[in-house]
Each structure stands twice: as C-alpha cells, then as structure tokens.
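Contents: one structure, followed by commentary.
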Amino acid sequence: MKFVDQAKIYISSGHGGAGCVSFRREKYIPKGGPDGGDGGRGGDVIIEALSQKETLLRFHLNQHFKAGNGRPGMGRRRSGESGPDVRLAVPPGTVIFDADTGEQLADLAEPGSVYIAAKGGRGGLGNSNFASGGNRTPRYAQPGEEGASLRLRLELRLLADAGLVGYPNVGKSTLISKLSAAKPKIADYPFTTLVPNLGVVAVEGERAYDGHSFVLADLPGLIDGAAKGAGLGHQFLKHLSRCAVLVHVLDPLRLDLEDPTRDLEKIKKELKAFDKELAKKPQLISISKMDLAEGEEAVNALKKARPRTKFYPFSSATGQGLTELKWAMWNQISKFRCEQDNNA
Ligand SMILES: Nc1nc2c(ncn2[C@@H]2O[C@H](COP(=O)(O)OP(=O)(O)OP(=O)(O)O)[C@@H](O)[C@H]2O)c(=O)[nH]1
Ligand SMILES: [Mg+2]
C-alpha cells in the first residue's frame, strides 16, 4: 500500500434549515395561533482517529467533503430534519492544521479521539416561538445559520517512541529487523528504505511481569540538505516529532578517521535545521557493523574525539551490543513517559 502522510482537504458543514411561518387552521378554530416549526441543524464534519486506518491515502483521491443541510421547519410545529454529518476516518497520530493560517487545531494521537472540524449551522426558529401578548400573529421566522467552510492540512506523525537516523546504507533497517518483528527491505545500496518502518521492541525485565515494549521507527536515510528537501529523509523527519529518543546510527565503513564526528554533526545539523525541537531530544549514538574489521578502529577514533560521550557499538550480524542499545533506548522512553504522566 502507498504510504501517504500529508493531505489537504476542503470541508463545509451544512446550513441550518429555515424556521417556518405558519398558522394553525382547523375546522372549529377560526383564529389558530402560529405553529411554524424550527429548521433542522446543519450536519457537522467530524474527523476521528481509527486504528484500522494507516495512511492518509484516501484524501489524495477525494479532497472535498460537505455535510448535509438542515431541512426547513414545517407547519404544526414540526421541526425540519437535521442534515447528515460527515465522518472522516484518519490514522491515529494525525495532526490537523488550518491550511490558511497554519494554526494547529487538533492532534488525534489516541485511537478513538474525535474532532468536530466544522460545526453545522443552527436551524432557524419557527414563528411559533415568537407569539407574545403584543403580537399574537408573528409573520416572521429565523433563517437557518450558515455552515462553515475551511481548508485543512492533515499531517500524520507516527506514534514512535524511538527513531533511527543516519545516512543511507548504514544498517538502520537491519537493526530494526533484529530488535523487532519488522521485516523491512535490506540491501547494500542507499535509499533501500523509501517509507518509514515501525517495529514493536519488547524489553524483558528480570521477572516475567516487568516486560515493557516500545515502538521503534526506521526512517529513510538522510543526506546533506535533507532539511531543505534533498533526498528522501526530510519528508519523514516530522515522524520523529513524537519520539522520546533519537538514535544516530554511524557506519564504520563511512567513518572518516581524520574527522570521525563529521557524519554525526551533519545529521545533527539537518535535524536542527528541520525543527529546533527535534535537536533538543535525547540522542543516543550507536555504531553499526561491529563484526567488520573497521569497527574497532571507528569506536576508538570516536572515543578519542569525544571522550565524554557514551557510544553504543553493535552488530546486527552477531547480535553484539543489541541488548545494551535497547535498554538505553528504553531508559529514555520510560523517563519520557513518566514526565508525560506527571504533566498530565
Ligand atoms: N557486516 C554487517 N553488515 C551489515 C550490518 N547491518 C547491516 N549491514 C549491511 O549494510 C547494508 C545496508 O543495510 P540496511 O539495513 O539496508 O541500511 P539502511 O541504513 O536501512 O539503508 P537505507 O534504507 O538505504 O537508508 C546491507 O548490505 C546490510 O546487509 C551488520 O551488522 N554487519
Ligand atoms: Mg533502510
């Protein structure tokens, strides 16, 4: 299936139905009072997050949604029917913006969360509401209220706890395939990964009941200028915005021994250029492919350049270092979750 994580849509809620002007006419009652009913309310446009939805693809096929208008009121105090609502289902994690002002309107992170994006107009009151001592035969009723029209931008931000970042071909997809049940495509050329992969990582405690899990995202490789749109990575950087921790993956085969932190600094610069908040997130620095001869040398060069930084060397081929990396991610994630609970 095509992975679509952005869409622009046009929505309008329904107009309210007009109130009715009518007078009671019955055989033995010569002067019946006003009996015009109220107009029905216009339908709402409602956006809801459903777990069965995975992408915003359907909004590329159809962008216009209009809820039904309310029906006018009728005689004998009968109210008009309400206009039908339109319900749009989006994947959990969808953030809704006003496309014209850029204002964030809602974040449907939780499955089942609902946002009324455009409220239908109220129905007008019929003339039966306006009879008074001074005016027993009101000849007016309210018109229905107009509905609202707006343009929305939908943006899907994956619900991942940790995100892998790095240049293409450094071993990100291989890592997620070892830590989770995800089975991404792996190959020895850059840009193998074209869309983000998510995997659930189980963290086992010492006792059976201490088990936890978190969601890890493998993103397409980043290249220089990614924040401005070079390569593929930039369009997926937004998926890191909910992560508790970012994991840099450095490849010994790419490492310049003269300037070992070059790749790391460049990726950090791209993250910051894309979004300052991303750059503030806790970041772990891992070194892949430790089964290769170049691994040891790479770790030594990095340690020498950054003596106070903790590095996480690992090999997806032998499994070395994977448990330690997983726990380091989990420690940051559990800290983040506690903070969120405290703020709630
Ligand atoms: N020797 C060795 N090779 C590895 C290891 N991990 C990954 N590789 C190889 O490195 C190459 C790239 O691996 P991927 O996992 O596809 O890399 P990626 O970072 O996901 O690449 P993109 O999706 O293009 O960004 C493949 O040929 C892998 O087999 C490892 O631990 N040891
Ligand atoms: Mg990949």
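How much accessible area per residue does the chain have, counting only protein heavy atoms and a probe of 1.4 Å, in square angstrom?
Details: 17880 Å² over 344 residues.
Accessible area per residue, the chain: 52 Å².
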Completion exercise
Quick tally, 1.4 Å probe accessible area for Ile186, Ile47, sorted with the most first, runs Ile186, Ile47
Practice task
State the Cα centre-to-centre distance between the range 272-344 and the range 35-98 in whole Å.
Solution key: 46
Practice task
Report the relative contact order of the range 1-143, percent, no decimals, based on alpha-carbon pairs under 8 angstrom and at least 6 residues apart.
Solution key: 35
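Just add up the charged neighbours of Asp161: K/R +1, D/E -1, any other residue whose Cβ is under 10 Å from the Cβ of Asp161.
Around Asp161, the charge tally is +2.
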Fill in the blank from the handout: Set Lys66/Lys281; Lys269/Lys335; Lys172/Lys238; Lys53/Lys266, cut-off 29 Å on Cα-Cα distance; pairs above it are Lys66/Lys281; Lys53/Lys266
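Take the Cα pairs of the chain, get the Kirkwood Rh, then feed it into Stokes-Einstein at 4 °C and 1.567 mPa s and tell me D in µm²/s. Could the numbers behind the result be given before it?
Numbers: Rh = 23.7 Å.
Estimated via Stokes-Einstein, D reaches 55 µm²/s.
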Handout entry: Ser213 versus Gln340: modelled label distance in nm, points set 7 Å from Cα along the beta carbon direction
Key = 1.6
Practice task
With a point put 7 Å past each Cα toward its Cβ, work out how far Asp188 is from Lys27 in nm, to one decimal.
Solution key: 9.9
Fill in the blank from the handout: Burial-style ranking of 74-84, 60-70, average other-beta-carbon count within 10 Å with highest first, yields 74-84, 60-70
Fill in the blank from the handout: Per GNM of the chain with C-alpha springs under 10 angstrom, the most fluctuating residue out of Leu257, Leu216, Leu284 is Leu257
Practice task
Report relative contact order for the range 73-180 in percent, whole number only (criteria: Cα-Cα under 8 Å, sequence separation at least 6).
Solution key: 27
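For the chain, what does the relative contact order come out to in percent, with C-alpha contacts under 8 Å and a separation of six or more? Write down the numbers at each step before the final one.
Working: 931 pairs, mean separation 51.5, N = 344.
In percent, rounded to a whole number, it is 15.
How would you rank 152-160, 318-326, highest first, on the average number of other Cβ atoms within 10 Å across their residues? Working shown, then result.
Working: 152-160: 20.7, 318-326: 15.3.
Sorting 152-160, 318-326 by mean packing, highest first, produces 152-160, 318-326.
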Completion exercise
Spelling it out for Leu88: with amide H atoms placed in the peptide plane at 1.01 Å from N, the residues 5 or more places away or on another chain with amide H under 5 Å from its amide H are Ile46, Ile47, Glu48
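The values are calculated or read from the model by the stated rules, or taken from the named source; none is laboratory data. The structure displayed is predicted, hence computed values, not measured ones. All Cβ positions, even for glycine, are placed from backbone atoms using ideal geometry, and neighbour counts span all protein chains on display. Calculation scope for accessible area: heavy atoms of the full protein, side chains included, ligands and nucleic acids excluded. Shrake-Rupley method; radii C 1.70, N 1.55, O 1.52, S 1.80 Å.
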